[in-house]
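Contents: one structure, followed by commentary.
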Amino acid sequence: MLRLQSAAIVALLATAFSAYAVRVGDPAPDFTGVDSHGQSHTLSSYHGKLVVLEWTNSNCPFTKKHYDSGNMQSLQKQWTAKGVVWFTILSSAPDHDGYKTAAEENAYIAKEHASPTAVLLDPTGKIGHAYEAKTTPHMFVIDPTGKIVYEGAIDDHPTTDTSDIKSSKNYVSDALTEALAGKQIATSYTRPYGCSVKYQNSAE
Amino acid sequence: MRARLHLVSLFLLALLTHLTYAQQPASSTVSAQHLTVQLVVPPAEIYPGQNFTAGLYFKLEPGWHVYWTNAGDSGEPPTMKWTLPQGISTEALQFPAPKRLPLGPLMDFGYEKEVLFPVPIHVAADFKPSADTTTFAAKVNWLVCREVCIPGKAALSIDRKALSATPDVPHQIAADAQLVARFADTLPKPLPSGNQARFAANTKGFTLAVTTGKRESGAQFFPFEQTILSNPAPQAEKPLSNGVSLDLTKDENLRTTPKELHGLLVLADGTAYEVHATPGPLPGGSSTDLGSLAKIVGLAFIGGIILNLMPCVFPVLFIKGLSLVQSSQHERSKMRAHGWVYTLGILASFWAVVALLLILRGAGHQLGWGFQFQSPTFIALMALLLFFLGLSLAGQFEIGLSLTSAGGSLASKQGYTGSFFTGVLAMVVATPCTAPFMGAAIGYALSQSAFVTFAVFTALALGLAAPYLLLAYNPAWTKLLPRPGAWMEVLKQAVSIPIFGTVIWLVWLFTQTTGPNALIGLLAAFLLLAIAGWVLGRWPGKTLAAVFAALLILPAIGISIYAVQRLATQPSSSTAAAKDWQPFTPALVEQYRAQGRPIFVDFTASWCLSCQVNERVVLNRADVQQHLKNSGVVLVRADWTRHDETIAQALANLGRSGVPTYVLYSGDANTPPQVLPEVLTPGIVIGALDGLPKPQSQSAQVNHSTPP
């Protein structure tokens, strides 16, 4: 009896600890991040809007594929014009591949003509870990009620070849189109592709 | 003579062409950043109806890797596009068994150092060579990563002699043939017939069981599908008598149970099987070979005997000693009967625990032996029981006159009931003292079939009962005990001292898991028990007094349960100075192992007395600390004060089920970890550290296996 009771306590504790894993359909973990202009943004304050999270690393060939081709910039332009909030998030730790100071990041944005709502600098990986962001790019779409409605790859061609973009099905655009039309998201989860996010202590 | 000369010149010509082909690496091999890639085509001649295996070979700089067909959390596998003459066709690139490549919180699957991807090639029966040579050309794309990822591409081509018919003696390009042959064993094989792969879904993921025909103690599963499993999650393995079972964690986003788990099962010896596991009853492991079973049962028996000497069984032995002194007035046969009833009491309670363990294990809980002391309610009730027992022994009241509720009173009852419950009590109190042998025996038992678990626990129980049984059968030895007399009362009162000592330990444990507020509840319960004891002692044998005492005992139990549930605060889990120690995660250990750094893992819990003793007396000693520092060992502490599934799994992987457990991983990823004894001495720790490879070879190791 006592052992059964303790087993029940353990089971309860175990579920409590596993409850915060990120899952499509679940509330998006709230965060406050500082952007490359020093301004802070809190996710929950964008309630009522569609939010896109894009993990980035300017040195990653998969990210480069979408910036060199202008694909990412045009997505950012197209969707922010429709009122979508677009956060590009940089979770590379200092001394790790792709890490940038605010000034370096601003120079990069200018050079690439990128136009996200903001680039959040996350050198501690706090936001990245909260979302379990795995790759660059790794995309999330959060609906106006604060639920994650899409997580995964940017498109269906996991390559570094810019010529593949034309023939790719862009999952993020599809999800945003469906969300704006109030429709169910047809493809809500895919395996993200790209380089690993370069978190603190991820490698020597 | 002429004909012979002709033959020789033909042979020379063949040799010459052979050499020419072998010396043609310019276009078949390309050096790129951090790797060289080579097209490998073993046959020297290509002819109609021929089937052979070509390959794509990568030689990588240390630390860099390319990917398996499912790259894991990041990365992409290489791709290959052939340009071939009419009549020659290829199958898809085949992927050898990969390695797990941990990367912070992520897990990739791929290859380090070198890898050859075989490609089966078929030449059609109507193949007509258009020239003397035929060209195999391929465009290859890959992603090579260390910390950074670099995509690469190359156009490779290689020429081979073309024949319009099968030659009498086909030739091979030795270097290419050797290369393909060297990697032939790395390819996954189908599961041998007669074996099966099944999986069962549970809340966290799947249990996958695969039979291979023999006991497997080391296996990893690599899924082909990318969105079914969580890649970095540890895969707790359980050897079966004829295979292995793995606990797999599902991808957070997986909503439906897949129809099959398709992937590679890679065993400790490198053998890889491609398995298509279907849902269904898991193939269970029956009893293992009798030799090792007998050995383990023997160890369990000795462990049981040693349990008698452990400090937490001591008070019970004292009680038992007392009743033995009383029994010596009885005739011989009665004493033997008492011995057997005591044995039965121990057996019954061990069997009850086995039954519970099996039920809970079935429910998917990886429970450790010391676990019952993770329940504050259990600790509180044990403390109350022993405190009440102590009051009686100290002489406040006579137990057994009217009380029937508490197990302690049952244990000190005269007659068979008393003997039976003393046996039960001995077992209950013995559990936290995971003596040497016991941890190993239980770890073994938990990973085995119900039958083996039963056998091991039975042996433990018999070992625990043996000394007393022996005494009951050898009255001569009983004579060594002092004659009964007035000293017995003194002895009985003296026994209350270790009992109260045990109570202090239990109260300390209780505070560790619930905090100071709940302690007030427990101490108040003690006060109520003391009043109940005083009532029983003041008016002995009176029904009214017994009823009144019971009315005090019930709220005492109530208060302590209430205290646990309402007043408990989250404890600060670690007690010892923890700044040098990193908290345990399986990923952390895998990461350091991949870096080739030695790691010392201390599996501990604040309720584990021997853990505290080891930490304070051995691990925190200045000279031991100095050795730990000098050897460059990473210190990791797995705190099991509160039940933690990943720690339970890590212990199960080591074949253990309880704390203390001390594990030393050497810098070499291929060397199995060394499990140190449960009772540490400075000599054991320093000796184990001195046994590690020297720092120079460690730094060489780092160069070879730096993670991505």
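Each value in this text was obtained by applying a stated rule to the coordinates, not by laboratory testing. Being a predicted model, the structure only gives us computed values, none of them experimental. Counting neighbours? That spans all protein chains shown, and the Cβs are built from the backbone with ideal geometry, glycine included.
Return A:E54, B:E274 ranked ascending by Cβ neighbour count within 10 Å, so the fewest neighbours appear first.
The order, fewest Cβ neighbours first, is B:E274, A:E54.
Order of B:R656, B:R593 from fewest to most other C-beta atoms within 10 Å?
Taking fewest neighbouring Cβ atoms as first place, the list is B:R593, B:R656.
List the lysines whose alpha-carbon lies under 20 Å from that of A:K64, not counting same-chain residues fewer than 8 positions away?
A:K64 reaches A:K77, A:K100, A:K111, A:K134, A:K166, A:K169, A:K198, B:K153.
For chain A, give me the percentage of DSSP beta bridges that are antiparallel, rounded to the nearest 5 percent.
65
Reachable aspartates and glutamates from A:K126, Cα under 16 Å, same-chain residues fewer than 8 places away excluded?
Leaving aside aspartates and glutamates fewer than 8 places away in the same chain, those within reach of A:K126 are A:D30, A:D35, A:E54.
If I take R0 = 41 Å and measure r between the Cβ atoms of B:Q582 and B:A355 in this structure, what FRET efficiency does the formula 1/(1 + (r/R0)^6) give, to the nearest 0.05?
Efficiency computed from Cβ-Cβ geometry: 0.60.
Most fluctuating residue of A:T56, A:T160, A:T136 in a GNM of chain A with Cα springs under 10 Å: which is it?
In the Gaussian network model the winner is A:T160.
What ³J(HN,Hα) values, in whole Hz, does the Karplus curve 6.51 cos²θ - 1.76 cosθ + 1.60 give for region B:231-238 when θ = phi - 60°, with x put for Gly and Pro?
Ordered by residue, 3J(HN,Hα) equals 5, x, 4, x, 10, 5, 10, 10 Hz.
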